[in-house]
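Report on the structure given below.
The values are calculated or read from the model by the stated rules, or taken from the named source; none is laboratory data. Note that the structure is predicted; figures quoted are calculated from it, not measured. Cβ atoms come from the backbone with ideal geometry, glycine included; neighbour counts cover every protein chain shown. Keep in mind that these areas ignore ligands, DNA and RNA; they rest on the heavy atoms of the full protein, side chains included. Shrake-Rupley method; radii C 1.70, N 1.55, O 1.52, S 1.80 Å.
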Amino acid sequence: MTRLLRNEPQITPELIAAHGLKPDEYQRILDLIGREPTFTELGIFSAMWNEHCSYKSSRIHLRGLPTKAPWVIQGPGENAGVIDIGDGLAVVFKMESHNHPSYIEPYQGATTGVGGILRDVFTMGARPIACLNALSFGDPSHPKTRHLVSGVVAGVGGYGNSFGVPTVGGQMRFHTRYDGNILVNAMAVGLAESDKIFYAAASGVNMPIVYLGSKTGRDGIHGATMASAEFDDASEEKRPTVQVGDPFAEKLLLEACLEIMEADCVIAIQDMGAAGLTCSAVEMGAKGDLGVDLDLDTVPTRETGMSAYEMMLSESQERMLMVLRPEKEQEAEAIFQKWGLDFAVVGYTTPSKRFVVKHGGDVMADLPIKELGDEAPVYDRPHVETPQPAVIHAREIKPPVSITEALVKLIATPELCSKRWVWEQYDHVIGGNTLQRPGGDAAVIRVQEGPKGLALTVDVTPRYCEADPFEGGKQAVAEAWRNITAVGGKPLAITDNLNFGNPERPEIMGQLVGCLKGISEACIALDFPIVSGNVSLYNETNGRGILPTPSIGGVGLLDDFKKSATLTFKAADEAILLIGDTQGWLGQSVYLRDICGREEGAPPPVDLAAEKRNGDVVRGMIKSGTATAVHDISDGGLLVALAEMAMAGGVGAVLDAAPEQTLPHAWWFGEDQARYIVTVPMEHLLTVMSKLKAVEVPCVEIGKTGGRDIIIEGETPVAIDALKAGFESWLPDYMNGKA
């Protein structure tokens, strides 16, 4: 093979280390190809073998996840997961992280995170119909936090709004453990015909490989490698590895791709995401057991003098790679020209199973294509189980303030306050199909003209996951299941985004392994398979890791969107029912942390059989029209959930005192799982109670709706307006510099 040696740096141990490759990994490369790699080949191996692309630390543990069900069309391994929702329709969805880029350059990091996940969905032939996100920021008092919140939220909104897809839900949290490493997890959901799904595996020899979309520049080079390393004080210097997004170009790319798919031009298609042209070309060839020859002289570029190395590793946005039906080449090119996008044949499939890259008449890379992916290192890293935390009993916790004083304080904390300031910057109704907006348990989106609807949510409780990864993993899945159930949806499948620190530390690897075991057990018990996902490791700065944060994105189906529930109290004089067993669990609760100043203890255990039983009953009540309002109980416990329902409807509640056998602060603020608040008209109360008793679902009447206050027997009443003032004001005040 001819190698271009001029202008290429010498391969040194320092250069190898700069590419994120360990000495033993470089030796593996030498053994694999039988010679020293070229500089371009070193870059290609660096891109394919980094943590972000190869999953080398997590792959062996991901294999045990439940991924199959009768309604699953495509599980993990493609650009996105696909589930069948009947009537010839499929839902395509996935979640991805853009954590490191968003810390370095929050606006562009967030925009390109949204852009990348949208491409994953429409690459499969689906039209995106909704976006969600999960955002984790540092302590509000940290000097960078406000700047990062502002940039990320603007970036998410700027891309989604311009592209024209509604951002309908998500999560946002603050914790000091994210001070040096924020998390930006983006989820996209699309709709496709179930018999017209497009995949990445190339087929056929000598088929044209076509470059589609925007031109290639120098932005994002080594983006995937940067995302596979922990941060230090010099992380700001990595700004050039952050990509730059153009939502208007992506909207054109969407329409052009869907049009050529409809015209039956496409054999295989792959988004150019992490590691750009390298990863997309290798994956397409390897999945189809074919070789790929690329000629970089034909790649559209927006900068002069780009080297093969730069072109192969660029992560410029809004680009696709496609294997095209040869007879359709002219038709496809005409469609892309109509949309004003680049269309260039940059190579061909071959029978050689080699990945050959040419530039300027020279062969810059000649590598075995299957081994580039299949022979990436797979590590069974040492891991230690997180020590079991102590169970904290309510009697050990002396309440520092009264019940209603605690409620007023909690509802205005960064954890529990309204996130309206965030979601009002997103266009959450574009397309006209958003039926339940952000702020509830789950978003509800109409499917085409109905009657079907989709219930969408993103959930995780990181403090639970750190205290007990197994229970925390179970709880993340169970809460997503509950949130979908609370709006009347049947939970169908999840996508996950597993955010953890440095896997080379056994205690961090133990968190990942423990969370995955919990996630797996919950998915099996709740018949809620995982169809796609992402792993983001090395989320730490100067050796301080984030809280383990396995975000769970859930999708559920409503047969009739008109039979969905909201958390809003609808009218006075309705019975308020508490469904599920209440022990008063305060370990790892928001009350313990924000009122008592103690972040400790075991999180609440998750009884998956109770979750299934209670949730199925609640869904039945919604479908029958018995329930007038439904809300799942999570962060903050029973009284916070009641306050949220009252504030949403402007209707108060008169509540009984806590039962004698339960301490009041534990009753009102404990975070026991598998619980819901449901309101029913008084005339249905006895019937409902008797039915729930017959199926052995715990249920107690705790009061009734009415008035403009929350009144608890034996406590000082608190006005809804006073609660709402604190609830709605903290985040705007903080962003304005007042809080």
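What the table below lists for this structure:
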| quantity | calculated |
| --- | --- |
| Quotient of C-alpha Rg and 2.2 N^0.38 Å, computed over region 87-219 | 1.22 |
| Surface share of carbon and sulfur [accessible, 1.4 angstrom probe, percent] for region 411-546 | 48 percent |
| Spread of Cα-to-Cα distances over 10 Å intervals beginning at zero, given as percent, for region 1-74 | 16, 39, 22, 13, 9, 1 |
| Sequence-separation-based contact order of the chain, relative, with Cα cut under 8 Å and 6+ spacing, percent | 15 percent |
| For region 1-155, average projected area of the Cα convex hull in nm² | 14.4 nm² |
| Relative contact order %, region 470-522, counting alpha carbon pairs below 8 Å whose residues are six or more apart | 65 percent |
| Gap separating the Cα centres of region 689-739 and region 273-345, nearest whole Å | 55 Å |
| At q = 0.12, 0.20, 0.24, 0.28 Å⁻¹, base-10 log of I(q)/I(0) for region 593-666 (Debye sum, equal scatterers on each alpha carbon) | -0.50, -1.24, -1.31, -1.27 |
| Degrees between helix 685-694 axis and first principal axis of the chain (Cα, 0 to 90, nearest 10) | 60 degrees |
| Helix-only [θ]222 nm of the chain, DSSP H runs n ≥ 4, -39500 (n - 2.57) each, per residue, nearest 500 | -10000 deg cm²/dmol |
| Long pairs among Lys691/Lys724; Lys94/Lys419; Lys22/Lys215; Lys22/Lys94, criterion Cα-Cα beyond 29 Å | Lys691/Lys724; Lys22/Lys215; Lys22/Lys94 |
| Rounded, prolate or oblate (a/c below 1.5 giving rounded, otherwise prolate when a/b exceeds b/c) for region 356-451 by Cα gyration tensor | oblate |
| Helix 506-525 axis, angle to the chain major axis (alpha carbon atoms, nearest 10°) | 70 degrees |
| Angle in degrees between helix 608-624 and the longest Cα principal axis of the chain, rounded to the nearest 10 | 80 degrees |
| Solvent-accessible area, 1.4 Å probe, carbon plus sulfur percent, for region 621-677 | 50 percent |
| Sites matching trypsin sites (Lys or Arg not before Pro) across region 23-111 that sit in DSSP coil, with at most 13 neighbouring C-beta atoms within 10 Å | Arg35, Arg63, Lys68 |
| Pairs of Cα atoms farther than 24 Å apart, region 461-564, % | 26 percent |
| Accessible area of region 371-530 divided out per residue, in Å², using a probe of 1.4 angstrom | 35 Å² |
| Carbon + sulfur, % of accessible area of region 322-379 - ligands and nucleic acids excluded, 1.4 Å | 46 percent |
| Where Arg302, Arg119 fall by accessible area, highest first, once all protein chains stay in place (1.4 Å) | Arg302, Arg119 |
| Segments 346-356, 102-112 sorted - mean Cβ within 10 Å per residue, highest first | 102-112, 346-356 |
| Tail beyond 17 Å, pair distance distribution of region 507-565 (Cα, percent) | 54 percent |
| Whole-Å semi-axes of the ellipsoid equivalent to region 636-703 (Cα gyration tensor, √5λ, descending) | 20, 17, 11 |
| Inter-part distance where region 56-93 and region 605-653 are each reduced to a Cα centre, Å | 29 Å |
| Long-range lysine pairs (8 or more apart or interchain), region 458-573, Cα under 21 Å | 5 |
| Computed accessible area, Phe198, all protein chains, 1.4 angstrom probe, square angstrom | 30 Å² |
| Relative contact order of region 13-134, defined on C-alpha pairs under 8 angstrom at six or more residues apart (%) | 12 percent |
| Rg and Dmax [Cα atoms of the chain; Å; Rg one decimal, Dmax integer] | 26.2, 86 |
